[in-house]
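Written below as structure tokens is the structure these notes are about.
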Protein chains: 2
Amino acid sequence: MKLKAMYSFLSDDLAAVEEELERTVRSEYGPLGEAALHLLQAGGKRIRPVFVLLSARFGHYDFERIKHVAVALELIHMASLVHDDVIDDADVRRGRPTIKARWSNRFAMYTGDYLFARSLERMAELDSPRAHQVLAKTIVEVCRGEIEQIKDKYRFDQPLRTYLRRIRRKTALLIAASCQLGALAAGAPEAVANRLYWFGHYVGMSFQITDDILDFTGTEEQLGKPAGSDLQQGNVTLPVLYALCDEQVRAKITAVNADTDVEEMAAVLAAIKQTDAIERSYALSDRYLEKALRLLNELPANEARTLLHDLALYIGKRDY
Amino acid sequence: MKLKAMYSFLSDDLAAVEEELERTVRSEYGPLGEAALHLLQAGGKRIRPVFVLLSARFGHYDFERIKHVAVALELIHMASLVHDDVIDDADVRRGRPTIKARWSNRFAMYTGDYLFARSLERMAELDSPRAHQVLAKTIVEVCRGEIEQIKDKYRFDQPLRTYLRRIRRKTALLIAASCQLGALAAGAPEAVANRLYWFGHYVGMSFQITDDILDFTGTEEQLGKPAGSDLQQGNVTLPVLYALCDEQVRAKITAVNADTDVEEMAAVLAAIKQTDAIERSYALSDRYLEKALRLLNELPANEARTLLHDLALYIGKRDY
């Protein structure tokens with residue numbers, strides 16, 4: 001099933017969010033606008049706006065109000081991608097050269113800062129101190145996570161909880177905040193906003209684990225970058241942690257560094273896939289997904305809840 | 001006169017702001033906290049907090065409320081310094097190694113992001129949508145300016161207005177916003193907040209021009225970095241633009257690049273100082289300062305106004 005078809009319900013509003021995103025970046029002349037448009041046009045699933053819009057259905061849904069939150073969260077996400085590419089020294093994202101590769105690290109730093117600032121500008125349209133607090137705390141945590149990500153690179157002795165904390169900060173937090181902020185901005189009760197927060201958290205954990213698995217099982221065409229890129233860049237993900245339990249595979253993995261060549265990498269990937277690492281990773285992703293789905297049952301039954309259910313299954317189970 | 005002695009009036013509240021700044025960065029463990037503390041302890045004039053506190057005196061001064069704005073603006077300033085050092089490839093600031101020099105460009109990028117996020121967290125304490133809007137728009141403009149700064153490097157044919165727009169975005173905007181936000185957060189009338197905004201703008205312009213002059217006239221000890229560093233890094237400042245009017249000096253200046261050695265740089269600096277560039281630069285700085293002081297006359301007379309007057313003179317005329 002295609003993701004788009006799933007939310008025809010919301011398609012008009014999502015199209016309007018897309019237009020707002022494009023208008024925001026097109027309003028900027030020169031290289032900054034060009035870089036932002038480059039990033040926007042590379043696509044993406046717009047998962048954060050979708051969660052914002054759906055969560056807002058649990059309150060008084062007013063698109064003119066909620067659109068600012070949806071646009072703001074996608075802009076923050078885009079900003080973090082640009083900075084991540086600097087951290088990861090990544091040259092390709094979604095099959096296109098990254099901003100840092102096409103321009104420079106410095107330029108990428110400022111493009112990220114700029115997108116981030118534009119996102120604040122949108123959030124400032126919202127007269128809700130509580131929403132500002134939630135967002136600010138989320139961003140602080142996301143930044144903390146990025147620093148840890150640098151520190152944890154090529155650290156093959158890190159415990160599972162270090163990985164889980166990292167993906168929480170890298171992915172789950174912003175999805176959780178999208179759900180919570182969508183609900184809060186629509187004036188949904190705090191209890192509902194909290195459940196949606198944890199729903200977003202569990203979906204986000206499942207989503208990132210799936211993403212980390214796909215780095216091993218996907219093709220270069222599907223991934224828009226070579227398979228195994230995460231490991232090559234030193235990101236110790238869940239399949240890697242599980243595969244390290246196998247002593248022979250462990251030796252191969254710990255020898256990986258930025259200079260490992262294509263053939264060697266292919267051998268390491270093949271070795272990892274021969275262990276039970278992928279299977280165990282899917283099992284953990286599924287456990288998070290189940291927690292997310294259970295939480296949904298505690299929310300009022302409506303069309304948005306059904307869509308959140310389908311969406312959670314879609315992004316937890318996707319194969320590209 | 002020492003800046004400190006000038007605002008004994010505010011010294012308790014400023015000391016409390018300093019404590020809050022230190023507590024904010026000390027609350028972070030690991031390299032992130034270490035880097036932020038390194039930056040904080042390098043000192044600085046805390047000009048933005050001073051302007052916030054003084055401007056708040058034109059409304060209902062409540063330190064427990066206004067301190068969030070003062071801390072937030074200094075944190076934003078610190079964040080922008082860290083990112084500027086990446087842009088400028090600067091190894092020394094205020095006589096200490098920069099974060100990018102001591103750690104790395106990537107780490108500096110995230111330290112900046114983190115400080116910026118902590119600043120938002122503080123601002124979120126303030127229940128004022130108008131203040132959030134002002135701040136967001138300021139940050140968007142500051143980011144635009146940073147990109148221009150990259151683009152304008154070593155461009156010796158740029159017109160004066162390009163330089164003025166750049167220093168407006170680099171310095172004057174955040175000082176103007178400090179004045180405006182201090183007033184707004186204290187519930188001062190919009191007209192007063194607007195005058196304070198323009199006061200801050202003119203002071204900021206004068207401040208940055210003086211800073212750009214000091215890069216030529218200061219000693220390495222005073223500057224905490226070698227004289228002429230700005231020019232060497234390709235920043236085309238006001239004294240450079242004026243000196244370019246002299247055909248012989250022009251040839252020397254346009255030959256400068258990142259690899260120009262110490263002796264050559266000394267010759268270029270000496271040549272610039274023999275023109276009327278420094279004098280003309282001081283004249284323009286003075287014109288901005290006069291505009292700032294004239295605006296103060298339109299504000300209610302109080303102790304804060306007297307201090308703003310002295311402070312403007314101090315930072316527009318300083319010789320270090």
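The values are calculated or read from the model by the stated rules, or taken from the named source; none is laboratory data. Given the structure is predicted, the values throughout are model-derived calculations rather than measurements. Don't worry about glycine lacking a Cβ; one is built from the backbone with ideal geometry, like all the others, and counts go over all protein chains shown.
Among the numbered conditions (1) assigned to a helix (DSSP H, G or I); (2) within 21 Å of B:V192 (Cα to Cα); (3) not aromatic (F, W, Y), the only one that B:S80 does not meet is (2). Quick check on segment A:280-294. Is at least one of its residues closer than 20 Å to A:D84 by Cα and more than 19 Å from the chain's Cα centre (by Cα)? Taking every residue of segment A:280-294 in turn, none turns out to be closer than 20 Å to A:D84 by Cα and more than 19 Å from the chain's Cα centre (by Cα). Within segment B:26-55, the set of residues being without any contact (Cβ under 8 Å) to a residue 24 or more places away in the chain and either assigned to a helix (DSSP H, G or I) or aliphatic (A, V, I, L, M) (or both) comprises B:R26, B:G30, B:G33, B:E34, B:L37, B:Q41.
Taking helices (runs of 4 or more DSSP H) as the structural unit, those lying wholly within segment B:183-246 and holding at least 1 residues that are buried (at least 18 other Cβ atoms within 10 Å of the Cβ) and basic (K, R) correspond to B:190-217. For segment A:146-182, filtered to residues that are in a helix (DSSP H, G or I) and without any contact (Cβ under 8 Å) to a residue 24 or more places away in the chain, the residue that is surrounded by the most Cβ atoms within 10 Å (Cβ to Cβ) is A:I147. State whether one or more residues within segment A:187-196 are touching a Gly at 6+ places or on another chain (Cβ under 6 Å) and closer than 30 Å to A:Y61 by Cβ. Within segment A:187-196, one or more residues are touching a Gly at 6+ places or on another chain (Cβ under 6 Å) and closer than 30 Å to A:Y61 by Cβ. Could you say whether any residue in segment B:101-111 is within 18 Å of the chain's Cα centre (by Cα) and closer than 12 Å to B:M78 by Cα? Scanning segment B:101-111 turns up no residue that is within 18 Å of the chain's Cα centre (by Cα) and closer than 12 Å to B:M78 by Cα. Inside segment A:86-138, residues that are more than 7 Å from chain B (Cβ to nearest Cβ) and either at negative phi or surrounded by 20 or more Cβ atoms within 10 Å (Cβ to Cβ) (or both) make up a count of 30. Return a yes/no flag: does segment A:223-236 have any residue that is acidic (D, E) and closer than 16 Å to A:R155 by Cα. Scanning segment A:223-236, I find at least one residue that is acidic (D, E) and closer than 16 Å to A:R155 by Cα, so the answer is yes. Screening B:L126 against (1) at pLDDT below 85; (2) outside any helix (DSSP H, G or I) leaves a single unmet condition, (1). Would you mind stating whether A:A258 is aliphatic (A, V, I, L, M), part of a helix (DSSP H, G or I) and more than 13 Å from A:S55 (Cβ to Cβ)? When the stated conditions are applied, A:A258 does not pass them. Annotation: B:A258 fulfils all but one of (1) modelled with pLDDT under 95; (2) more than 19 Å from B:W198 (Cα to Cα); (3) buried (at least 18 other Cβ atoms within 10 Å of the Cβ); the unmet one is (3).
The single condition among (1) under 20 Å from B:L32 (Cα atoms); (2) assigned to a loop (DSSP other than H, G, I, E, B) that A:C143 does not satisfy is (2). Checked against (1) within 13 Å of chain A (Cβ to nearest Cβ); (2) touching a Phe, Trp or Tyr at 6+ places or on another chain (Cβ under 9 Å), B:L73 meets all criteria but (1). Taken as a whole, segment A:62-69 holds at least one residue that is surrounded by fewer than 21 Cβ atoms within 10 Å (Cβ to Cβ) and hydrophobic (A, V, I, L, M, F, W, C).
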